[in-house]
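So the structure is just underneath, and the comments pick up after that.
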């Protein structure tokens, strides 16, 4: 193959790679990496004794 043919071949692949958008199905509805912290005292909020929970129930460090 001649140099110009090889260069055209490589250039066409590079151009096609730039022109094609990335197909990431999860990008459209991606969730944030860190979930927002629950409201203080609400279900799922961190607790130590249960007094800081709205329901006064603390199970394994989380309000119920």
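Coordinate-derived values only; no laboratory data. Being a predicted model, the structure only gives us computed values, none of them experimental. Virtual Cβ from ideal backbone geometry, glycine too; neighbours counted across all protein chains shown.
General remarks:
- Between residue 11 and residue 60, full extension at 0.36 nm per residue minus the direct alpha carbon distance yields a gain of 11.7 nm.
- Each peptide in 40-47, 8-15 receives the mean, over its residues, of other Cβ atoms within 10 Å, and ordering these scores from highest gives 40-47, 8-15.
- Put in line by how crowded their Cβ is, counting other Cβ atoms within 10 Å and starting with the fewest, 58, 53 read 58, 53.
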